[in-house]
1. Hey, for residue A:10 with labels 7 Å out along Cα-Cβ, what do the inter-copy distances come to in nm, ordered shortest first?
2. Using unit Cβ charges (K, R positive; D, E negative) and no other charged atoms, how large, in debye to the nearest 20, is the dipole of the range B:3-193 about its Cα centre?
3. Which FRET efficiency value, to the nearest 0.05, do you get for residue A:202 and residue A:177 by plugging their Cβ-Cβ distance into 1/(1 + (r/R0)^6) with R0 = 45 Å?
4. Quick one: label points 7 angstrom along Cα→Cβ at residue C:82, distances to the other copies in nm, smallest first?
5. Evaluate peptide B:21-29: per residue, the Cβ atoms of other protein chains within 10 Å of its Cβ; return the mean as an integer.
6. Packing-wise, with mean Cβ within 10 Å as the measure, how do C:151-160, A:156-165 rank, highest first?
7. For the range C:113-181 and the range A:30-65, what is the centre-to-centre distance using only Cα atoms, to the nearest Å?
8. Report, as an integer, the average count of C-beta atoms from other chains found within 10 Å of each Cβ along C:54-61.
Amino acid sequence: MEFLSLMEIIGTVAFAVSGALVAIEKELDYYGIVFLAIITAVGGGILRDLLIDLPLPLALENPLYVLISIATAAVVILFYKKFVKYQNIILFFDAIGLAAFTAIGAEAALTHDVYMPFVVITLAVLTGTGGGILRDVFVKEIPFVFRKEVYAVACILGAAVFMGAYHLLNQGRVSMYICFGVTLAVRLIAVKMNWHLAKVKRIEGK
Amino acid sequence: MEFLSLMEIIGTVAFAVSGALVAIEKELDYYGIVFLAIITAVGGGILRDLLIDLPLPLALENPLYVLISIATAAVVILFYKKFVKYQNIILFFDAIGLAAFTAIGAEAALTHDVYMPFVVITLAVLTGTGGGILRDVFVKEIPFVFRKEVYAVACILGAAVFMGAYHLLNQGRVSMYICFGVTLAVRLIAVKMNWHLAKVKRIEGK
Amino acid sequence: MEFLSLMEIIGTVAFAVSGALVAIEKELDYYGIVFLAIITAVGGGILRDLLIDLPLPLALENPLYVLISIATAAVVILFYKKFVKYQNIILFFDAIGLAAFTAIGAEAALTHDVYMPFVVITLAVLTGTGGGILRDVFVKEIPFVFRKEVYAVACILGAAVFMGAYHLLNQGRVSMYICFGVTLAVRLIAVKMNWHLAKVKRIEGK
């Protein structure tokens, strides 16, 4: 199996775990847990595929990732307490997923004849963060990615480096690996160093 | 008029009623009430049509169902108190809608050259439950279907039986009726017996 | 530059300002502020383009409006206090945006071979109000447009007049100006006169 396919599977599992854990925390039922696992894992890719007008989103064309998500949800349901205990490890796998999905999203743009850097970056960010946004909207939370983490920013940097590498090397595959590495590094360093994006102090009483 | 078309209209009315009632409960204005009635009734089909990449969602191609939803919203606005009183009857009609939409969603998949059981079931469930999910997201509720009812599960069973029947009989129309019957039966029995899906006990203080 | 293009830019800025201000009020970080500015400004158009099945939403095809939104968000971050002080002026520019987007949405429908009045009006309303709906969903608010303002109704009236004008004159451009004028007038008068849509008194204790 190719390295990036392996990373994508790890990422799918990590994203599905995060969806299932949030669902349990919000007291959803089994169907809600499975649904949230799936949407967190494949939601970003589905949004991307809607934007680039594919005949059928890849997540439906190839059921593998939905099946992985369902299996993951089942495992989380069975071993919920273990998962809660090892949240830090999940954060690490989540970073792998973010990096893999960003690289795949950037490459998917090229494959479908989208070359403008602006669009490639947008699609990469959407693939990486869209599933988590949908997850949070469905459980009535303001999406995590808008609040304080260096999360989408890691995707943006990764995708920008992807575009640069692709222009220099004209090699999609190598550029994906570079994108994967940069996104992963930025995200992990941000978690480790506890970096957060700034906010604007709102005026009280408004 | 064909039986399933009649069921679809009954379902549209029932879904529009549920959207309008939720809107009133959340103190939306007339526009909000009408919008929520429409989106609850046709939202699932629109999501399905986006995924299978139709040139225009059927709910826009044929305005009948939106017009029915608007008329339903008007009737709910006028006779709100009556509707609140007869919620149990609405639950019954809602089950008819769920069953009709599931059957239509499953058949729509086949019509658009989607045959993989996994995709057919997904589209059927989305057609049946998508409108209610959108309704709840717009009024800031965690979607009802994720919380405790045997609701999406009825769609999944109905759609699975549809696939089985279609493979055995190779008759879309008959398979739709069977799907309609199974979905309706499962949903009504679940309501009657007060069946709920299980949850995972969350760890407090997390 | 053409008059309507200028109005569209003013509208983009106004919508982006509203997105950025809401984001700051909800204590989102810089990325959240920029994202909300973008989605408020171009979200309605993206939803429209998904429904009419464009190969790529115009907001991605032409990055101008996203870039304007990003620049606007930066200015709001820098001069937040000024913006809070002059909310009334923003309300005025927002009305310009609503009118411009409605006219553009109606015309976009015709350009893509959609002629049914019902669909044209739907797409116009969606272009005008969709961004604000997405903004509010992302920050966990029931969309403003459903609650009490004469806002979507201004779009509906504007789009209906557009259809009438187009049938009489067969001139898309002139009809757009008329649509722009009607939508703007209705919205501004509603703000000035403090007009609100009625609600249905909900039954307590339900």
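Values in this text are rule-based calculations from the coordinates and carry no lab data. From a predicted model like this one, the values you see are computed outputs, not experimental measurements. So basically every Cβ, Gly included, is an ideal-geometry build from the backbone, and we count neighbours across all protein chains shown.
1. Reported distances to equivalent positions: 5.4, 5.4 nm.
2. So the dipole magnitude of the range B:3-193 works out to roughly 620 debye.
3. So the FRET efficiency works out to roughly 0.60.
4. 5.8, 5.8
5. Neighbouring Cβ atoms belonging to other protein chains average 6 per residue here.
6. C:151-160, A:156-165
7. The range C:113-181 and the range A:30-65 have Cα centres separated by 30 Å.
8. So the per-residue partner count for this stretch is 5.
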